[in-house]
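Working notes, structure below.
The values are calculated or read from the model by the stated rules, or taken from the named source; none is laboratory data. Only a predicted model underlies this, so the values are computations on that prediction, with no experimental measurement involved. When we count neighbours, we look across all protein chains shown, and the Cβ atoms used for this are built from the backbone with ideal geometry, even at glycine. Surface areas here come from the heavy atoms of the whole protein model, side chains and all, with no ligands, DNA or RNA. Shrake-Rupley method; radii C 1.70, N 1.55, O 1.52, S 1.80 Å.
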Amino acid sequence: MQLLDGKIASAHYKTEIKNQVNLILSKGKRAPHLAAILVGENAASKAYVASKVKTCAELGFESTLITYENSVSQQELLDKIKFLNDDKNIDGILVQLPLPKHIDENKVIEAIHYNKDVDGFHPVNLGKMMLGLQSFVPATPNGIMLLLKYYQIKTEGLNCVVIGRSNIVGTPMSILLSRNSEPGNCTVTLCHSKTKNMKEICKNADIIVAAIGKPHFVTSDMVKEGAIIIDVGINRIEAPETKSGTRLVGDVDFDQVAPKCSFITPVPGGVGLMTIVSLMKNTLLARALNN
Ligand code: GUN
């Protein structure tokens, strides 16, 4: 078993990005600038956004963090997004999800100009991705593609099972892995809450991408010997043995599954780091579109 180490792979891509930023600066141009909008007090969202802002600084990007209380109105958010769309000094805009129930996430996503939609959630970008055209690709599935590429994993002709059909991860992942590219060219099965015979389907998989948000959902009896396991889950569970009383685990029962597989991503230290790198690559691309 070999770890697909997000720390090592993300460090490689970060160096590439830093070099690109230096090139931009050497031409007397300004650095890429990401605006992040965070609503409310969700601890996980706060941590993710803080990590994105920190990585911007590390790579020489500018960033602007805009925070709102949970009670912010939808109109106030839409007005802010319009302001950021019109601001020539802002290249990328992200609104951290989930949003409070009184706000329509689709309306908010559609308000972001598609050339600044570095999350790749706007219908124009999702449509272009489906057609194989140049677009912003959602950060987590794109990060997984970058991880597979870094470790030179040949995926052509493999049976891939994606568990979870979210707009953010599962659905775009199934498209990316099935298209005619390297990595790609997989035969993809997309499993979800209504899937029958999940265990049998998974047992036939050469690659499993677990993105359901349930701790330890994928157990060793679901995994074929030699399979490649990509764990997207970041779940906080109680752990009385730790100082904080909690710890992070993935959607895969790592200890059980790792001995059976050829490659596996750890949690933390796997896909999460690739998501951020992928967001940074998108922001660099947005900078080029915003010349
Ligand atoms: N919530 C969970 N994942 C993401 C992500 O990749 N982007 C945003 N904006 N919100 C998220």
Note to self: Set the bar at 18 Å for Cα to Cα. Now go through LYS7/LYS52; LYS46/LYS214; LYS14/LYS281; LYS14/LYS149; LYS7/LYS149 and name every pair that lies beyond it.
What the structure shows: LYS46/LYS214
Next item on the list: On the protein heavy atoms, probe 1.4 angstrom, tell me the percent of accessible surface of the chain carried by carbon and sulfur.
Entry: 53
Check: In debye, nearest 20: dipole of the chain around its Cα centre with unit charges on the Cβ of K, R (+) and D, E (-)?
Finding: 440
Checklist line | Isotropic mean projected area of the C-alpha convex hull, region 124-182 (nm²) | finding: 4.0
Notebook entry, point to check: When N is the residue count of region 98-246, what does its C-alpha Rg come to as a fraction of 2.2 N^0.38 Å?
Noted result: 1.14
Item checked: Straight-distance crosslink candidates among aspartates and glutamates, where the alpha carbon sits under 17 Å from LYS107 and sequence neighbours closer than 8 are dropped -> GLU76, ASP79, ASP117, ASP119
Notebook entry, point to check: Mind checking which of ARG30, ARG179, ARG247 has the largest fluctuation in a GNM of the chain, springs on alpha carbons under 10 Å?
Noted result: ARG247
Next item on the list: Of all alpha-carbon pairs in the chain, indicate the percentage at a distance above 30 angstrom.
Entry: 32
Note to self: Of GLY40, THR189, LEU273, which is farthest towards the positive pole of the chain's charge dipole, taken about the Cα centre with +1 and -1 on the beta-carbons of Lys, Arg and Asp, Glu respectively?
What the structure shows: LEU273
Notebook entry, point to check: In percent, how large is the relative contact order of the chain, given Cα pairs closer than 8 Å and 6 or more residues apart?
Noted result: 21
Next item on the list: Straight distance only, please: which aspartates and glutamates reach the Cα of LYS54 with their own Cα at less than 14 Å, same-chain residues fewer than 8 apart left out?
Entry: GLU62
Item checked: Net length gained if the chain between GLU105 and LYS196 were fully extended (0.36 nm per residue, minus Cα distance) -> 29.7 nm
Item checked: Cα extents of region 172-291 along the three principal axes, largest first (Å) -> 51, 41, 28
Note to self: Would you report the distance distribution of C-alpha pairs in region 96-157 as whole percents per 10 angstrom bin, up to the bin with the largest distance?
What the structure shows: 20, 41, 27, 11, 1
Note to self: Given Cβ point charges of +1 (Lys, Arg) and -1 (Asp, Glu) and nothing else, what value in debye, to the nearest 20, does the dipole of region 191-291 about its Cα centre take?
What the structure shows: 360
Check: Which angle from 0 to 90°, rounded to the nearest 10, does the C-alpha axis of helix 271-289 make with the longest principal axis of the chain?
Finding: 30
Check: Across 5 Å bins from the origin, how do the percents of Cα pairs in region 183-239 run, short distances first?
Finding: 4, 17, 28, 27, 15, 7, 2, 1, 0
Note to self: Can you return the aspartates and glutamates within cross-link range of LYS196? Criterion is Cα-Cα under 20 Å, with same-chain partners fewer than 8 residues away left out.
What the structure shows: ASP206, ASP221, ASP251
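What whole-number volume per residue, in cubic angstrom, does the convex hull of the C-alpha atoms of region 1-75 give?
Convex hull of Cα atoms, per residue: 113 Å³.
Suppose all protein chains stay in the model; what accessible area per residue would a 1.4 Å probe give for the chain, in Å²?
Dividing the accessible area of the chain by its residue count gives 48 Å².
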Next item on the list: For HIS102, tell me the accessible area in Å² from a 1.4 Å probe, rounded to the nearest 10.
Entry: 100
Margin query: Taking the Cα centre as origin and putting +1 on Lys and Arg beta-carbons and -1 on Asp and Glu beta-carbons, what dipole magnitude results for region 106-232, to the nearest 20 debye?
Written below: 260
Next item on the list: Would you mind telling me which residue in ALA227, ALA50, ALA31 has the biggest mean-square fluctuation in a Gaussian network model of the chain, where springs connect alpha carbons within a distance under 10 angstrom?
Entry: ALA50
